[in-house]
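Student: Mind looking over this structure? Questions follow.
The values are calculated or read from the model by the stated rules, or taken from the named source; none is laboratory data. The structure presented is a predicted model; accordingly, all values stated were derived computationally and were not measured. Note that each Cβ is placed from the backbone with ideal geometry, even for glycine, and that neighbours are counted across all protein chains shown.
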Amino acid sequence: MAEITQINDRYDPSSVEVKWYKWWEEKGYFKCEETSTKPPFCIILPPPNITGQLHMGHALDHTIQDVLIRYKRMMGFNTLWLPGSDHAGIATQSVVEKQLKKEGLTRQELGRESFVKRTWEWKEQYGNQIIEQMKRLGDSCDWERHTFTLDDGVSKAVRKVFVNLYKKGSIYRGNRLINWSPALGSAISDLEVEHKNTKGQLWHIKYPLADGSGEVVVATTRPETMLGDTAVCVHPDDDRYKSFIGKFIELPLVGRKIKIIADEYVDKSFGSGVVKITPAHDFNDYEIGKRHDLESINLLTRDGKLNENAGEAYEGLTVKQAREQVVKDLEALELLVKTEPHEHSVGHCGRSGCVVEPFLSEQWFVNTKEISIPAKRVVESGTTVFEPEKWIKTYLHWMNNIQDWCISRQLWWGHQIPAWYCQDCEFITVSEKDPVECEECKSENLKQEDDVLDTWFSSALWPFSTLGWPEETESLKTFYPTSVLVTGQDIIFFWVARMMMLGLEFVGDVPFRTVYIHGLVRDAQGRKLSKSLNNAVDPVELIDQYGADALRFTLMSQIGSGRDIKFSMQRLEGNRNFMNKIWNAARFTLSNLEGYEVPAGGTEAIANKSDLSYADQWVIQKCGECEKKIEEALSQNRFTDAANAIYSFAWHEFCDWYLEFSKPILYGENLNEKQATRTVMLQTLNRLLRMLHPFAPFITEELYQKLPLKGEAIIVDSYPTVKEDKSWLESGSAEVAFDLDLVREVITAVRNIRGENRIKPGIKLKAILDPKDDKSQKILGENKTYIVSIAGLGECEVSKPESLSQCAVTTVRFGDVEVDVVIPLSGIVDINDEVKRIQKSVEKLEKEQSQLSSRLSNEKFLSKAPEDVVELGRKQLEDYKIRIASMREALQRLKS
RNA sequence: UGGCUCGUGGCUCAGUUGGUUAGAGCACCACAUUGACAUUGUGGGGGUCGCCGGUUCGAAUCCGGCCGAGCCAACCA
């Protein structure tokens with residue numbers, strides 16, 4: 001064991017983490033078995049964008065998954081954590097376009113083919129950065145199965161799904177009003193629009209009647225869209241305007257004659273009660289337009305400028321410029337009645353941040369009505385459960401109001417839609433394989449759709465496309481449905497809902513049994529982490545500084561209720577210290593093994609149980625209790641409870657008490673006892689490390705490998721459970737644990753007297769322990785040596801004190817036993833401190849006594865409360881009386 | 001506007017079906033340093049459980065109302 005003493009007294013993660021990760025990978029510990037007799041456990045990693053850098057959200061998300069995977073792996077499951085990455089159409093294309101811009105190029109100049117090639121090159125060069133960062137965190141993914149959303153297999157699945165849905169009519173192409181991001185030059189889905197409250201203005205504009213008989217005033221937040229007005233609308237019951245219905249307006253600036261129509265959509269009380277209708281540029285107006293068969297006039301080009309329909313005066317202007325110009329022109333015509341400030345919400349593009357324009361265009365859609373029905377049912381029935389449950393409501397509400405999903409994007413990077421337009425007959429051929437001829441007219445003059453699919457379309461197939469679908473692979477059979485999906489609440493609709501719909505549609509079963517939804521990582525003040533607030537923390541930097549284990553443990557000890565977590569450096573430091581504590585506990589254990597020989601049966605065997613110290617039996621008992629707590633917690637995904645159980649067992653039981661209790665034995669001469677304690681110490685440490693491993697994989701492997709007796713690797717060793725440890729735990733004892741807990745209380749009482757009277761630790765006190773019953777008499781007698789050494793006493797006797805004069809007295813009550821701890825203070829301290837201490841306790845007890853006594857004199861309480869509660873109260877009151885009396889006595893004697 | 005969540009010592013949170021004295025970690029204060037660890041040890045102070053009302057012998061816990069914070073969805077041009 002010579003090398004043990006060379007262990008540094010500080011844990012240095014940087015020298016440890018990379019080494020073990022590499023070793024695990026080389027040994028193939030992360031790999032699953034395709035078929036196995038072990039039960040399967042599978043998690044599909046939400047694939048990060050290839051443009052992404054690991055952020056705190058990933059750190060949280062991945063740690064949860066890795067804890068689950070490592071735990072299940074140790075529990076004997078055939079675990080698969082399947083990693084991947086997402087081509088991230090918009091994000092990646094933007095990055096490459098920016099790169100081109102630096103060279104003075106545009107993607108249009110480059111052409112589609114070269115641009116896509118260039119993007120692949122970018123991906124090869126930079127796309128794996130996040131994977132390296134994930135490895136730093138300790139993610140134990142089966143890397144050989146890493147899948148990219150544009151891989152051949154996945155692309156094949158994408159085409160098959162698209163074609164099937166098209167053939168059954170669930171995918172259709174249509175000219176509809178969609179959300180258009182001018183900055184991206186592409187359609188985006190409803191979900192990608194972020195509504196932000198914006199301070200704008202409400203312009204009141206006169207619209208003269210075409211026959212010159214008067215005018216109406218419309219109120220609008222977007223005056224420039226009047227150029228595309230095709231009607232004016234009032235409420236049918238609005239007496240102010242009834243007579244106008246059916247008449248015509250001569251639209252200012254344009255001169256077009258538009259009709260005044262009536263629709264109940266109009267709110268009489270808002271604005272002027274008259275609404276201009278622009279079907280091509282507003283979703284509500286679009287609906288009204290459909291109801292009233294109005295013409296839609298599109299005013300915009302794809303890059304967000306006004307087109308020829310806006311008229312010569314406005315063509316080519318941006319929306320903002322056009323708005324200013326229109327207002328100016330209206331003012332000149334004296335048609336602007338008034339302008340008032342008005343706050344309303346404006347849709348912004350989630351990707352580029354630009355203002356989204358409702359835009360009429362040809363797009364591809366998934367009709368979700370039908371496929372959403374089974375996806376609702378499986379959640380209602382509990383086939384897939386959500387944790388926490390509250391998200392079921394959110395999910396179902398969205399599913400019940402689901403809109404058709406716009407899946408086409410005017411981008412180049414992604415899955416090009418497998419639809420070919422016949423240049424001769426206009427028929428659309430949709431096919432898994434590139435067709436050579438038109439299905440309808442057999443013309444070979446085909447042109448493939450330019451648009452690509454929404455990135456989320458391929459993501460929606462992820463749980464089965466990554467397992468080999470549409471082939472009937474062993475992997476698919478073994479691992480689908482996957483066990484649990486771990487993700488943030490922000491992508492329940494984007495991703496979870498869609499995986500549900502398509503998984504059920506194409507594989508016929510739910511994609512996952514459980515959806516575990518966690519919150520966001522926020523800063524210590526609870527703000528979102530963002531670059532603009534300058535409060536973003538880089539998990540990789542934290543790992544460099546504090547170690548991955550500390551970071552992981554911090555996150556896991558905070559996710560408790562599934563709410564957002566407030567990340568603080570203080571906590572991280574605290575957990576770095578915890579890792580150091582573990583490190584030193586191991587260092588202490590290992591450095592006390594000189595001359596130790598591993599027993600013949602391994603550390604599981606204890607030669608003679610009678611050699612076990614009370615502390616040994618106590619710690620075995622506590623270890624078993626900890627195992628039980630963890631098991632309960634992890635079976636319900638209560639990671640925080642599990643983390644806390646280990647923390648408190650490791651620090652406050654193993655280190656604070658067990659190692660202290662054991663020092664006299666370790667430094668003593670009784671070789672049999674010493675051997676037994678060393679064995680128990682090693683056994684407990686070994687289990688402690690295994691319990692901690694899923695949360696802190698690196699330090700635990702490092703220390704595990706230093707143990708004199710161990711398996712091949714902690715990562716593939718078994719997880720300690722009450723069941724597995726049955727025979728070992730039998731060496732513990734609940735009775736002895738009770739005894740030692742009483743001893744701990746007594747020691748704490750001595751320390752308490754010492755502390756409150758400010759008696760220096762160097763002063764060896766005498767303590768008289770006065771047991772009030774046979775049981776405690778016996779316990780104290782047997783454990784006196786522990787008390788003397790740990791409480792730092794000079795002398796200790798178990799007896800009735802002759803006099804309490806000038807003594808500090810504390811009554812220790814534990815379970816059904818009671819002990820008075822008496823410490824003569826004469827000549828040691830200023831008695832006033834002790835008087836104050838006791839007076840304080842008396843006051844506290846008296847307050848409690850009076851509360852209890854008034855409760856017990858309440859007849860209603862006596863008649864209605866259950867017997868045992870009343871009985872308990874009575875006993876307690878008696879107890880209070882005795883304790884107060886004895887304290888008063890002590891006070892008297894102290895003063896005398 | 002609707003839905004959801006939360007409000008417990010300075011901070012972050014526990015508190016299972018109402019029942020002894022409301023817990024923990026961090027922070028704070030005091031004391032301690034030659035033998036695992038100052039990234040440490042020991043002890044201590046600090047809470048009328050957001051407010052009001054109700055149910056009950058008894059409420060942090062159940063019910064109603066109010067106030068405050070946050071999130072999601074929708075939205076009046």
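Student: Please go through the range A:321-358 and pick out each residue that is free of Cβ contacts under 8 Å to residues at least 12 places away in the same chain and within 16 Å of RNA strand B (Cβ to nearest atom).
Tutor: none
Student: Of the residues A:Ala419, A:Ala375, which single one is small (Gly, Ala, Ser), over 25 Å from A:Tyr480 (Cβ atoms), surrounded by 20 or more Cβ atoms within 10 Å (Cβ to Cβ) and out of contact with any Cys (no Cβ under 8 Å at 6 or more places or on another chain)? Walk me through it before giving the result.
Tutor: On the way: A:Ala375 fails: over 25 Å from A:Tyr480 (Cβ atoms).
That would be A:Ala419, the only listed residue that is small (Gly, Ala, Ser), over 25 Å from A:Tyr480 (Cβ atoms), surrounded by 20 or more Cβ atoms within 10 Å (Cβ to Cβ) and out of contact with any Cys (no Cβ under 8 Å at 6 or more places or on another chain).
Student: Also, I was wondering about something else. I'd like to verify a number: residues in the range A:199-251 that are assigned to a helix (DSSP H, G or I) and basic (Lys, Arg), how many? Step through it out loud before you land on a result.
Tutor: The initial filter retains those residues of the range A:199-251 that are assigned to a helix (DSSP H, G or I), namely A:223-228, A:242-244.
Next, from what is left, pick out any that are basic (Lys, Arg): A:242.
Count: 1.
Student: Return the pair list, or none, for Cβ contacts closer than 9 Å from residues in the range A:284-302 that are closer than 13 Å to A:Val232 by Cα and in contact (Cβ under 8 Å) with a residue 12 or more places away in the chain to residues that are assigned to a helix (DSSP H, G or I) and within 14 Å of RNA strand B (Cβ to nearest atom), at least 6 apart or on different chains.
Tutor: Listed by first residue and then by second, the contacts come to A:Leu294/A:Asp285; A:Leu294/A:Ile288; A:Glu295/A:Gly289.
Student: Does A:Thr383 satisfy being touching a residue at least 40 places away in the same chain (Cβ under 8 Å), within 13 Å of RNA strand B (Cβ to nearest atom), surrounded by fewer than 17 Cβ atoms within 10 Å (Cβ to Cβ) and over 30 Å from A:Asn309 (Cα atoms)? First the steps, then the outcome.
Tutor: Numbers: touching a residue at least 40 places away in the same chain (Cβ under 8 Å): yes; within 13 Å of RNA strand B (Cβ to nearest atom): no; surrounded by fewer than 17 Cβ atoms within 10 Å (Cβ to Cβ): yes; over 30 Å from A:Asn309 (Cα atoms): yes.
Here the answer is no, as A:Thr383 does not meet what is asked.
Student: Another one. When you go through (1) over 55 Å from the mean Cα position of the chain (by Cα); (2) modelled with pLDDT of 90 or more one by one for A:Asp239, which number turns out not to apply?
Tutor: A:Asp239 satisfies all of (1) over 55 Å from the mean Cα position of the chain (by Cα); (2) modelled with pLDDT of 90 or more except (2).
Student: Output the helices (runs of 4 or more DSSP H) that fall wholly within the range A:512-608 and possess 1 or more residues being touching a residue at least 12 places away in the same chain (Cβ under 8 Å) and more than 11 Å from RNA strand B (Cβ to nearest atom), or say none.
Tutor: Working: elements: A:539-546, A:548-556, A:569-591.
In the range A:512-608, the matching helices (runs of 4 or more DSSP H) lie at A:539-546, A:548-556.
Student: Another question about this same structure. Going through the range A:81-138 one residue at a time, which ones are under 18 Å from A:Thr455 (Cβ atoms), part of a helix (DSSP H, G or I), touching a helix residue (DSSP H, G or I) at 6+ places or on another chain (Cβ under 9 Å) and in contact (Cβ under 8 Å) with a residue 60 or more places away in the chain?
Tutor: A:Gly89, A:Ile90, A:Ala91, A:Thr92, A:Gln93, A:Val96, A:Arg107, A:Phe115, A:Thr119, A:Lys123, A:Tyr126, A:Ile130
Student: Please work out which one of (1) without any contact (Cβ under 8 Å) to a residue 60 or more places away in the chain; (2) surrounded by fewer than 17 Cβ atoms within 10 Å (Cβ to Cβ); (3) under 25 Å from A:Ile492 (Cα atoms); (4) not aromatic (Phe, Trp, Tyr) is the condition A:Glu439 fails and give its number.
Tutor: It is condition (3) that A:Glu439 fails.
Student: While we're here: State whether one or more residues within the range A:803-816 are surrounded by fewer than 17 Cβ atoms within 10 Å (Cβ to Cβ), among the hydrophobic types (A, V, I, L, M, F, W, C) and farther than 30 Å from A:Pro664 by Cβ.
Tutor: no
Student: Suppose we filter the range A:364-400 for residues that are β-branched (Val, Ile, Thr) and more than 29 Å from A:Lys167 (Cβ to Cβ); how many remain? Can you show your working first?
Tutor: So in the range A:364-400, the residues β-branched (Val, Ile, Thr) come out as A:366, A:368, A:371, A:373, A:378-379, A:383-385, A:392, A:394.
Okay, now just the ones that are also more than 29 Å from A:Lys167 (Cβ to Cβ), so A:385, A:392, A:394.
Within the range A:364-400, residues that are β-branched (Val, Ile, Thr) and more than 29 Å from A:Lys167 (Cβ to Cβ) number 3.
Student: Out of A:Leu165, A:Leu184, report the one residue that is in contact with a helix residue (DSSP H, G or I) (Cβ under 7 Å, 6 or more places away or on another chain), crowded, with 20+ Cβ neighbours inside 10 Å and in contact (Cβ under 8 Å) with a residue 24 or more places away in the chain.
Tutor: Numbers: A:Leu165 fails: in contact with a helix residue (DSSP H, G or I) (Cβ under 7 Å, 6 or more places away or on another chain).
From the options A:Leu165, A:Leu184, the qualifying one is A:Leu184.
Student: Does the range A:623-633 hold any residues that are more than 13 Å from A:Leu692 (Cα to Cα) and more than 15 Å from RNA strand B (Cβ to nearest atom), and which are they?
Tutor: Listed by number, the list holds a single entry, A:Gly624.
Student: Failed condition for A:Val486, given (1) buried (at least 22 other Cβ atoms within 10 Å of the Cβ); (2) closer than 22 Å to A:Ile171 by Cβ; (3) not polar (S, T, N, Q), with all others met?
Tutor: (2)
Student: Is it the case that some residue within the range A:806-826 is at pLDDT below 85, basic (Lys, Arg) and more than 30 Å from A:Glu735 (Cα to Cα)?
Tutor: Looking through the range A:806-826, none of the residues is at pLDDT below 85, basic (Lys, Arg) and more than 30 Å from A:Glu735 (Cα to Cα).
Student: Just name the residue that is surrounded by the fewest Cβ atoms within 10 Å (Cβ to Cβ) out of those in the range A:84-140 that are hydroxyl-bearing (Ser, Thr, Tyr) and under 24 Å from the mean Cα position of the chain (by Cα).
Tutor: Taking the candidates together, the pick is A:Ser85.
Student: Shifting gears a bit: Report yes if A:Leu68 is within 26 Å of the chain's Cα centre (by Cα), within 16 Å of RNA strand B (Cβ to nearest atom), in a helix (DSSP H, G or I) and buried (at least 21 other Cβ atoms within 10 Å of the Cβ), otherwise no. Before you say what the answer is, go through the steps one by one.
Tutor: Working: within 26 Å of the chain's Cα centre (by Cα): yes; within 16 Å of RNA strand B (Cβ to nearest atom): no; in a helix (DSSP H, G or I): yes; buried (at least 21 other Cβ atoms within 10 Å of the Cβ): yes.
Criteria not met by A:Leu68.
Student: If we scan the range A:634-644, do we find a residue that is in a loop (DSSP other than H, G, I, E, B), buried (at least 16 other Cβ atoms within 10 Å of the Cβ) and within 13 Å of RNA strand B (Cβ to nearest atom)?
Tutor: Start the filter on the range A:634-644 by keeping residues that are in a loop (DSSP other than H, G, I, E, B), which leaves A:636-638.
This time we only want the ones that are buried (at least 16 other Cβ atoms within 10 Å of the Cβ), so: A:637-638.
Going one step further and asking which of them are within 13 Å of RNA strand B (Cβ to nearest atom), we end up with A:638.
Within the range A:634-644, one or more residues are in a loop (DSSP other than H, G, I, E, B), buried (at least 16 other Cβ atoms within 10 Å of the Cβ) and within 13 Å of RNA strand B (Cβ to nearest atom).
Student: Restricting the search to the range A:738-791, which residues are surrounded by fewer than 18 Cβ atoms within 10 Å (Cβ to Cβ) and in a strand (DSSP E or B)?
Tutor: Across the range A:738-791, the qualifying residue is only A:Lys766.
Student: Right, here's the next one. Which condition number does A:Asp237 fail, the rest of (1) closer than 30 Å to A:Thr368 by Cα; (2) surrounded by fewer than 16 Cβ atoms within 10 Å (Cβ to Cβ); (3) more than 9 Å from RNA strand B (Cβ to nearest atom) being met?
Tutor: Among (1) closer than 30 Å to A:Thr368 by Cα; (2) surrounded by fewer than 16 Cβ atoms within 10 Å (Cβ to Cβ); (3) more than 9 Å from RNA strand B (Cβ to nearest atom), A:Asp237 violates only (1).
Student: Something else now. Take A:Asp451 and tell me if it is surrounded by 15 or more Cβ atoms within 10 Å (Cβ to Cβ), more than 16 Å from RNA strand B (Cβ to nearest atom), under 27 Å from A:Thr149 (Cα atoms) and not aliphatic (A, V, I, L, M). Give the steps one after another, and end with the answer.
Tutor: Numbers: surrounded by 15 or more Cβ atoms within 10 Å (Cβ to Cβ): yes; more than 16 Å from RNA strand B (Cβ to nearest atom): yes; under 27 Å from A:Thr149 (Cα atoms): yes; not aliphatic (A, V, I, L, M): yes.
Answer is yes for this residue.
Student: Assess whether A:Asn164 counts as being in a strand (DSSP E or B), of a type outside the set (Phe, Trp, Tyr) and more than 12 Å from RNA strand B (Cβ to nearest atom).
Tutor: On the way: in a strand (DSSP E or B): no; of a type outside the set (Phe, Trp, Tyr): yes; more than 12 Å from RNA strand B (Cβ to nearest atom): yes.
For A:Asn164, the condition - in a strand (DSSP E or B), of a type outside the set (Phe, Trp, Tyr) and more than 12 Å from RNA strand B (Cβ to nearest atom) - is not met.
Student: Among the candidates A:Ser886, A:Ser863, A:Ser850, which residue alone is surrounded by 11 or more Cβ atoms within 10 Å (Cβ to Cβ) and without any contact (Cβ under 8 Å) to a residue 12 or more places away in the chain? Quick ask: steps written out before the conclusion?
Tutor: On the way: A:Ser886 fails: without any contact (Cβ under 8 Å) to a residue 12 or more places away in the chain; A:Ser863 fails: surrounded by 11 or more Cβ atoms within 10 Å (Cβ to Cβ).
Going through A:Ser886, A:Ser863, A:Ser850 in turn, the sole match is A:Ser850.
Student: Additional query: Anything in the range A:846-866 that is under 29 Å from A:Gly755 (Cβ atoms) and in contact with a Phe, Trp or Tyr (Cβ under 6 Å, 6 or more places away or on another chain)? List them, or say none.
Tutor: Result: A:Gln849, single match.
Student: Tally up the residues in the range A:261-277 that are near RNA strand B (Cβ under 6 Å from one of its atoms) and buried (at least 17 other Cβ atoms within 10 Å of the Cβ), please.
Tutor: Here is the first cut: in the range A:261-277, the residues near RNA strand B (Cβ under 6 Å from one of its atoms) are A:266-267, A:270-271, A:273, A:275-276.
The next check asks that each one be buried (at least 17 other Cβ atoms within 10 Å of the Cβ); those that pass are A:266, A:271, A:273, A:275-276.
Of the residues in the range A:261-277, 5 are near RNA strand B (Cβ under 6 Å from one of its atoms) and buried (at least 17 other Cβ atoms within 10 Å of the Cβ).
Student: Also, quick follow-up: Out of A:Ser727, A:Ser718, I need the residue that is small (Gly, Ala, Ser) and not in a helix (DSSP H, G or I). Which one?
Tutor: Every option except A:Ser718 fails the conditions.
Student: Would you check which residues across the range A:184-207 are at pLDDT 85 or above, among the β-branched types (Val, Ile, Thr) and closer than 26 Å to A:Ala219 by Cβ and list them?
Tutor: Matches in the range A:184-207: A:Val193, A:Ile205.
Student: So, one more: Do you know which residues across the range A:662-688 are near RNA strand B (Cβ under 10 Å from one of its atoms) and either β-branched (Val, Ile, Thr) or crowded, with 23+ Cβ neighbours inside 10 Å (or both)?
Tutor: A:Ser662
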